[in-house]
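Undergrad: Quick one: the structure is below, and I'll ask about it shortly.
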Amino acid sequence: MPPLAARKPAVTGEHVALTPLERPLELSPPPAAVSPHEAGARVEQLLEALEAARGGRLLIVIKGHPDPDSIGSAIAQRHLARAYDIECTILFFDEISHPENRALVKSLDADLRQFREGMDLSSYDFASFVDTQTPHLPVRLPQVPQTLTFVDHHKIVGGFEARFLDIREDAGATSSIYAEYLEHSPFGLRPGVAEDARLATALMHGIRTDTDNFLLAYPIDYRAAAYLRQFLDTDLLRIISKQSVTARTMEIIQKGLNNKQIRGTFLLAGVGFVREEDRDGIGQAADFLLRHEGVETALVFGIVNGEVVDGSLRTVSHTIDPDTWLKTVFGTDATGRHYGGGRRNKGGFRIPLGLFGRCRDREALWAIGRRTVEDLIFEKIGVDQAAED
Ligand SMILES: [Mn+2]
């Protein structure tokens, strides 16, 4: 992998008149293609790890709100682990907030379990993490299962170990990495098997979602699609990728439009209080507002569930790296964990309100939350602009 600096997209000349979609998105040199040999060697290591866990019990962990990429990856991890008689439970913690994702889980017959207080996880020997930056569980357990596998495509943060570790920043989706494993393993997808067709479809949907329908895809994503294509259930894919926007998401977008503040190419919009189940509306509002003429970066935030200031950032800017940018703006909590982070073109942050969440004056609480976020961000934009001048 080339050093990070070399992978930063270069700034090109005239692009003022172009809409975000017309602008060149990625001008970094293409990553070196993975040879079949390399892919085979990697799968071998994965299968070795699974062999070491043969007959054991595995917790496959989805952190954050389950999305198509994490769901597809988790099902693929289960598919591979089952070949080694490993008993698997796919566990998620945050509500599946997006109605499309709820429909996805239902139509895939995916058997995901949501964590509940008091759930006994002590009998699990191992944990697998998919599509997440760190292997920390969002809950405290008396006994933490050993991390067997860790597969992701976000920025590498390091500082932890796993029996099998595969992080590829040059993959548009974790689902693509799993498709590569399937293609190069003896436990790949089988034509005409309904369960395998559902897995292929889940992975394809994960790739399409995370790469904005291949607009931001890397070579590995196209290779994965070429492999998955032959096993797809196209009717199912059509059903699960049907785009619809709920009435409440429309309301969030409307609030975003009403409250937007634009500084240069940056758009910031606070949308007030948002219910937990509507949380994804914040990200969808950011997607929508990014299309505003002249805007290269959109950040939408609100107070979710009365407990946490939650925000989503979307950017097509060549100079903003969402991960670094959000980490710089919001810093870390007392335990050193960053409030925000992201990957190439998107990111997010969550700042718990703690005791302040119990404040009965909602208006005052929102005013404080909004003011804090706005001040931090406008300050950062000022610094960025000064650096550019
Ligand atoms: Mn992903």
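Undergrad: Please find, within region 224-251, the residue that is farthest from residue 281 (Cα to Cα) out of those that are without any contact (Cβ under 8 Å) to a residue 60 or more places away in the chain and among the charged types (D, E, K, R).
TA: Looking at residues that are without any contact (Cβ under 8 Å) to a residue 60 or more places away in the chain and among the charged types (D, E, K, R), I get 229.
Undergrad: Just give me the residues in region 69-90 being closer than 13 Å to residue 182 by Cβ and within 16 Å of the ligand (Cβ to nearest atom), in sequence order.
TA: 72, 73, 75, 76, 77
Undergrad: Would you pick out the residues in region 331-356 that are surrounded by 11 or more Cβ atoms within 10 Å (Cβ to Cβ), out of contact with any helix residue (DSSP H, G or I) (no Cβ under 8 Å at 6 or more places or on another chain) and closer than 13 Å to residue 303 by Cβ?
TA: Within region 331-356, 350, 352 meet the criteria.
Undergrad: Please state which of the following conditions residue 246 fails to meet, knowing it meets all the rest: (1) crowded, with 21+ Cβ neighbours inside 10 Å; (2) closer than 21 Å to residue 313 by Cα; (3) of a type in the set (Ser, Thr, Tyr).
TA: So residue 246 meets the others, but not (1).
Undergrad: So which of 180, 169, 100, 117 ends up being closer than 17 Å to residue 207 by Cα, acidic (Asp, Glu) and surrounded by fewer than 18 Cβ atoms within 10 Å (Cβ to Cβ)?
TA: So the residue among 180, 169, 100, 117 that is closer than 17 Å to residue 207 by Cα, acidic (Asp, Glu) and surrounded by fewer than 18 Cβ atoms within 10 Å (Cβ to Cβ) is 169.
Undergrad: Sticking with this one: Looking for something in contact with a Ser or Thr (Cβ under 9 Å, 6 or more places away or on another chain), in a loop (DSSP other than H, G, I, E, B) and more than 16 Å from the ligand (Cβ to nearest atom) - is there at least one such residue anywhere in region 129-139?
TA: No, there is no match, as no residue in region 129-139 is in contact with a Ser or Thr (Cβ under 9 Å, 6 or more places away or on another chain), in a loop (DSSP other than H, G, I, E, B) and more than 16 Å from the ligand (Cβ to nearest atom).
Undergrad: Here is a follow-up. Specify the residue that is nearest to the ligand (Cβ to nearest atom); the eligible residues are those in region 140-170 that are farther than 18 Å from residue 46 by Cα and under 19 Å from the mean Cα position of the chain (by Cα).
TA: The residue in question is 154.
Undergrad: Tell me which helices (runs of 4 or more DSSP H) are completely within region 1-118 and hold 2 or more residues being at pLDDT 90 or above and touching a Cys at 6+ places or on another chain (Cβ under 7 Å), or say none if there are none. Walk me through how you get there before you give the answer.
TA: Working: elements: 4-7, 36-52, 68-82, 99-108.
Per the criteria, 68-82.
Undergrad: Just to be sure I understand, how many residues within region 183-206 are more than 14 Å from residue 130 (Cβ to Cβ) and of a type in the set (A, V, I, L, M)? Walk me through how you get there before you give the answer.
TA: Taking region 183-206 as the starting set, the residues that turn out to be more than 14 Å from residue 130 (Cβ to Cβ) are 183-198, 200-201, 204-205.
Checking the rest, the ones that are also of a type in the set (A, V, I, L, M) come to 189, 193-194, 197, 200, 204.
Final tally of qualifying residues: 6.
Undergrad: Residues that are more than 16 Å from the ligand (Cβ to nearest atom) and among the small types (Gly, Ala, Ser): find the helices (runs of 4 or more DSSP H) completely inside region 185-276 holding 3 or more of those.
TA: In region 185-276, 194-210 are the helices (runs of 4 or more DSSP H) which contain 3 or more residues that are more than 16 Å from the ligand (Cβ to nearest atom) and among the small types (Gly, Ala, Ser).
The values are calculated or read from the model by the stated rules, or taken from the named source; none is laboratory data. Note that the structure is a prediction, hence the values are computed from the model and not measured. Don't worry about glycine lacking a Cβ; one is built from the backbone with ideal geometry, like all the others, and counts go over all protein chains shown.
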